[in-house]
Amino acid sequence: QVQLVESGGGLVETGGSLKLSCTTSGIIFRIADMAWYRQAPGKQRELVARISSSGIRNYDDSVKGRFTISRDNARNTVYLQMNTLKPEDTAVYYCNTNRASCNYWGQGTQVTVSK
């Protein structure tokens, strides 16, 4: 059974930082491509950052230079370091992976950036 469990969300002021974690089970993490998505109220879920099993990173333009995705294969965990946060970063953040053509999601963690 695949499980993705996010943590690290919270309330932060504009310009602040947060680090999200996603711990996984039920997958061979070291060969899994991992991603972070977010969904703001009234908006569609959007890709924030992706890291391949080989460590190649991709970012949405809106977070380039501010967010960093990383992974720790020994801990089966993927991270999202978020710096210089803006109110428009407010959303529920979801961890994602795909295995055997099935998409898996965590329960999400709320990030709120106050003005």
Report summary line: The condition of being among the basic types (Lys, Arg), within 16 Å of the chain's Cα centre (by Cα) and under 24 Å from Gln3 (Cα atoms) holds, among Arg99, Arg38, Arg66, only for Arg38
**Report entry** Candidates Glu6, Glu46 - the one that is closer than 17 Å to Thr109 by Cα, modelled with pLDDT of 95 or more, crowded, with 20+ Cβ neighbours inside 10 Å and of a type outside the set (A, V, I, L, M)
**Finding:** Glu6
Report task. Take the stretch 84-115 and flag every residue that is among the polar types (S, T, N, Q), open to solvent by 60 Å² or more (accessible area, probe 1.4 Å) and in a loop (DSSP other than H, G, I, E, B). Result -> Thr84, Ser101, Gln107
Report task. Select from the stretch 61-72 the residues that are in a strand (DSSP E or B) and among the aliphatic types (A, V, I, L, M) and list them in ascending order. Result -> Ile69
Requested in this report: Please tell me if Arg75 is in contact with a helix residue (DSSP H, G or I) (Cβ under 9 Å, 6 or more places away or on another chain) and basic (Lys, Arg).
Outcome: yes
Report task. Name, by its number, the condition in (1) open to solvent by 40 Å² or more (accessible area, probe 1.4 Å); (2) in a strand (DSSP E or B); (3) not polar (S, T, N, Q) that does not hold for Arg75. Result -> (2)
**Report entry** Matching residues in the stretch 26-36 - criterion: being open to solvent by 50 Å² or more (accessible area, probe 1.4 Å) and either closer than 16 Å to Gly106 by Cα or of a type in the set (Asp, Glu) (or both)
**Finding:** Asp33
Query raised in the report: Taking the stretch 60-72 only, how many residues are open to solvent by less than 70 Å² (accessible area, probe 1.4 Å) and farther than 19 Å from Lys43 by Cα?
Result: 7
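The values are calculated or read from the model by the stated rules, or taken from the named source; none is laboratory data. Since the structure is predicted, the reported quantities are computational estimates derived from the model, not experimental observations. A quick note on method: Cβ atoms are made from the backbone with ideal geometry, for glycine too, and the neighbour counts reach across all protein chains shown. To get the accessible areas, we keep the full protein, side chains included, count just its heavy atoms, and leave off ligands, DNA and RNA. Shrake-Rupley method; radii C 1.70, N 1.55, O 1.52, S 1.80 Å.
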